[in-house]
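K.L.:
Quick one: the structure is below, questions incoming.
We did not get these values from a lab; they are worked out from the coordinates using the rules stated. Only a predicted model underlies this, so the values are computations on that prediction, with no experimental measurement involved. All Cβ positions, glycine included, derive from the backbone under ideal geometry; neighbour counts span all protein chains shown.
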């Protein structure tokens, strides 16, 4: 049961002081398993003694409930695929942000190659579909406090009465890294919040459009946008605000367009207005998700970052320090840690060198390489206006 404790508030964050022994670290007093403050509307920061779960590294927990704080998806330099900002930097440049953790997995393009890194999962922010998954990926609906096994979406162009399905939105293609090899095929759509240039290849062209209604994003989910055709090019294009670029095979229905023609773009999704990817689902309504024994990333200990919710609806962000494959937490240990603080729904986010908890103006955990890693996305805890 919860220990008796005092609480102080620093920069909008309540730090719990437990009557139980301090584990280690220079933060405020450490609370033992299942200990927390009783305030329901603040934001609280505490630690768990993970030793009873076999976890020998520091476990940090940030928790909030009520309307004073909300979660936002942070984009690196407002362009996911640059991968050029740390969670702390994203927080410091976001009005009202008081804390941040790293977000979804991403792949990093080797130095010297022309394309930047790319996010792995699907992303919807403020009801705008920003990125479709590279591969089958689990998702979390931040507003609905729920997890799902995939990202449900469709996006289709109506070109003079002909339906043209979109294959991917804001994905770096072709793509090749460990166990993932995606060729340049289908019809690809690019919008301006990304640091991606449209691909160039024989037999393909890029068709540039402007949004008729610039006040609404063209990929707003469950809506239809009108686009005005501008020009065709075989060169790489970096999309600017108000524009949409579509890469397709020469001879597709887009080839028939002339400047000034209008097409309709309809995008749908049941993923929610604020959704981000991760792997894997740890808990879903109290039920632990079985882990594939071949998934060594989850069966061996690693540094971890987790998003979850308690039965009462409190939002929980948890980080576990560690070294890849050597120390940290396994999936089963994560589940036990989460259950000890009443979390019933949770998704594992990117971990390892990316694991970061930024709050009170500094990094509170101990990143594997000693400093914050530059990542593509973050989850930001933002104080309501």
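K.L.:
Please compute the contact order of region 153-269 in relative form: average sequence separation of alpha-carbon pairs under 8 Å and at least six residues apart, divided by the residue count, as a percent. Don't skip to the end; give the middle numbers.
P.N.:
On the way: 267 pairs, mean separation 39.2, N = 117.
Rounded, it is 34 percent for region 153-269.
K.L.:
Then there is this: Taking a ≥ b ≥ c as the square roots of the eigenvalues of the Cα gyration tensor of region 90-234, is the shape rounded (a/c under 1.5), prolate (a/b larger than b/c) or oblate?
P.N.:
Details: a/c = 1.56, a/b = 1.21, b/c = 1.29.
Because a/c hits 1.5 or more and a/b fails to exceed b/c, region 90-234 counts as oblate.
K.L.:
Let me ask something else. Where both residues lie in region 153-269, what percent of DSSP beta bridges are antiparallel, nearest 5? Kindly include the intermediate steps, with their values, before the conclusion.
P.N.:
Numbers: 37 of 39 bridges.
Taking every DSSP beta bridge within region 153-269, about 95 percent pair in antiparallel fashion.
K.L.:
Continuing with the same structure: According to a simple spin-label model (label point 7 Å from Cα along Cα-to-Cβ), what is the distance in nm between residue 284 and residue 212?
P.N.:
Label-label distance for residue 212 and residue 284, simple model: 4.0 nm.
K.L.:
For the chain, set up a Gaussian network in which alpha carbons nearer than 10 Å are linked by springs, and say which option among 233, 220, 267 fluctuates the most.
P.N.:
Highest fluctuation among the options: 233.
K.L.:
Oh, and also: With each label point set 7 Å from Cα along the Cα-Cβ vector, what nm distance links residue 294 and residue 240?
P.N.:
4.9
K.L.:
Here's something else I'd like to know. Using the number of other C-beta atoms within 10 angstrom as an exposure proxy, rank 334, 265, 71, 189 with the fewest first. It would help to have the intermediate numbers written out before the result.
P.N.:
Details: 334 29, 265 23, 71 20, 189 26.
Result, fewest neighbours first: 71, 265, 189, 334.
K.L.:
Run lengths n ≥ 4 of DSSP H only: what is the helix-derived mean residue ellipticity at 222 nm for the chain, with -39500 (n - 2.57) per run over all residues, to the nearest 500?
P.N.:
Value at 222 nm, helices only: -1500 deg cm²/dmol.
K.L.:
With the contact rule set at Cα under 8 Å and sequence spacing of 6 or more, what percent relative contact order holds for the chain?
P.N.:
Working: 1058 pairs, mean separation 88.1, N = 385.
RCO, the chain: 23 percent.
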